[in-house]
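One structure is given below, encoded as C-alpha cells.
The values are calculated or read from the model by the stated rules, or taken from the named source; none is laboratory data. Since the model is a prediction, treat every value here as computed from it, not as a measurement. Cβ placement follows ideal geometry from the backbone for every residue including glycine, while neighbour counts extend to all protein chains displayed. The protein model used for the area step is the full one, side chains on, heavy atoms only, and it has no ligands, DNA or RNA in it. Shrake-Rupley method; radii C 1.70, N 1.55, O 1.52, S 1.80 Å.
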Amino acid sequence: MKRIQRAVLLTLTALFIITQAGCARKTQEPVVRQSFYFDTVCSIAVYDMAEMDEEKANAAIDEAFQLCSHYESLLSRTKEGTDIYRINQAQGAPVECDPETIRVIEKGLYYSELSGGVFDITIGKVSDLWDFHAEEPEVPSEEALQEACATVGWEKVQIEGNTVTLTDPHTHLDLGGIAKGYIADRVGENLMENGVTSAIISLGGNVSCIGDKHEDGQETPFKIGVEKPYSQESEIVGIVEASDETVVTSGVYQRYFEEDGVQYHHILNAETGYPAQTDIVGVTLKAPKGESADCDALATIYLILGSEKAMALAKENDEAIFLILSDGSFMSTEAMGFEAK
C-alpha cells in the first residue's frame, strides 16, 4: 500500500531545543508564533528587541509573516497568478515580474550553472509529475519523465530587465530549492529593521539566528537540534551552535512515499527525473546570517553529489557541513562544531 511519511520538521525540533535550553531572558519570555507558508510550518521566535515587550514583538512577527505571504504570492509555482505561475503558463512569451522575483531567479540560475545542472531551477515539469501530497501518490511513467526531462536546462531562461522569457515553451520553473532560503534572509533583515536583536526564524529546513540567546545577562550561542532521519518523535542526532548564523538542512526523509517496497523522495535528478540516488540521507550547512539562500541550493547540490564529492568540495571551500549517511554514520567538517547526542 502506498503511503506518505513525513519526518518532523527541523523547524519544530530547533524551537524545542532552543526553548528547553532556557533561551528566554530572565525577565521576559520569548514571543513565539507559527504560521503556514510555502507548504511548510513557519516559526518565528523573538527573544529580545529594542524596548522588548510582547506587543512590539508580536507586531514585528506580524510584519515578518506578511512578508512571507508576499513572497509566496510571487514565487509559488502552484498558486495561480504568481510570477512563477505566469512564467510557466506563458508558453515562452515574455513575462514582466517583480524585481524580487528576478533576484531569486538569478540566484537560482547562478547555482544551476555553478553545479552544471545538478541543481536546476527549470526542473518544474519534472516536479509536477511527482505529487508527494496526493492521497495515493504514484511513480510517473518512464515516457512522461523522459518528456519532462527534455524541458530542463537553465540555459533556457532569459532575463532582460524585469522580464523573463523561457526559450522552450514547455519549460517550467521551480524555485523550491532556493526560495525559502532567500525568504528567510529577507525576513531576518525585516526583523532587525524593526529592532529585533535576538530571534530564530525557521522556515521548514531553513533556520536563521539573529544575534545570540540572552540568559541571566549573558549572551551565548543558540543551540539548533539536527533531526534524526525518519524520526517520528522529534529525536535529534546532535546539536549545532549558531550566533548570527543560518543553519539549513536538506534531507530525503522530509517528503517521500513508498510504492512496492521502494522509497521515492522529493530531491530529484534533473537528468533522469527520478529521485537522486545518493549515499546521503541528510545535509546540514551552517553559514553567516544572510546566506540561507546559498545554503539552500548547496545542501541540495551536495546531497545529489554524494558524500565523497560533497566533503571534498566543502573542505575546499572551508564550509561548515554535516552529513548523515544511509548507513547511519556521520561526516562533518571541523567548522560545523557538531555535538553528537
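Take the alpha carbon atoms of region 74-138, find their center, do the same for region 277-333, and report the distance between the two centers in whole angstrom.
23
Met192 accessible area, nearest 10 Å², 1.4 Å probe?
Estimated to the nearest 10 Å², Met192 gives 70 Å².
Once you charge only the Cβ atoms, +1 for Lys and Arg and -1 for Asp and Glu, what is the size of the charge dipole of region 142-217 about its Cα centre, to the nearest 20 debye?
I would put it at about 180 debye.
Among Thr78, Ser141, Val248, whose Cα sits farthest toward the positive end of the charge dipole of the chain (+1 at Cβ of Lys/Arg, -1 at Cβ of Asp/Glu, about the Cα centre)?
Most positive-ward Cα: Val248.
Checking the cross-link filter: which aspartates and glutamates have an alpha carbon closer than 15 Å to that of Lys213, excluding same-chain neighbours under 8 positions apart?
Glu29, Asp48, Glu241, Asp244, Glu245
About the Cα centre of region 100-184, what is the dipole size in debye to 20, counting +1 per Lys and Arg Cβ and -1 per Asp and Glu Cβ, all else neutral?
Once rounded to the nearest 20, the dipole reads 520 debye.
So how much slack lies between Gln89 and Glu136, counting 0.36 nm per residue of separation and subtracting their Cα-Cα distance, in nm?
Additional length available on full extension: 14.3 nm.
Express the carbon and sulfur contribution to the solvent-accessible surface of the chain as a percent, rounded to the nearest whole number, probe 1.4 angstrom.
Reported share for carbon and sulfur atoms: 45 percent.
Mind scanning Lys125/Lys156; Lys156/Lys289; Lys180/Lys223; Lys107/Lys286 and naming the pairs with a C-alpha gap bigger than 23 Å?
From the list (Lys125/Lys156; Lys156/Lys289; Lys180/Lys223; Lys107/Lys286), the Cα-Cα distance tops 23 Å for Lys156/Lys289.
Please give the peptides 202-209, 43-50, 159-166 ranked by average Cβ packing (other Cβ atoms within 10 Å per residue), highest first, as a rough proxy for protection.
My ranking of the peptides, most packed first, is 202-209, 43-50, 159-166.
Using the alpha-carbon centroid of each, what span in Å lies between region 208-251 and region 177-207?
14
Tell me the per residue accessible area of the chain using a 1.4 Å probe; a whole number in Å² is fine.
44
For the chain, what does the relative contact order come out to in percent, with C-alpha contacts under 8 Å and a separation of six or more?
Relative contact order, the chain: 21 percent.
Beta carbons within 10 angstrom, averaged per residue: use that to sort the peptides 102-108, 177-183, highest first.
In decreasing order of mean packing, 102-108, 177-183 become 177-183, 102-108.
Rounding to the nearest 20 debye, state how big the charge dipole of the chain is about its Cα centre with +1 on each Lys and Arg Cβ and -1 on each Asp and Glu Cβ.
320
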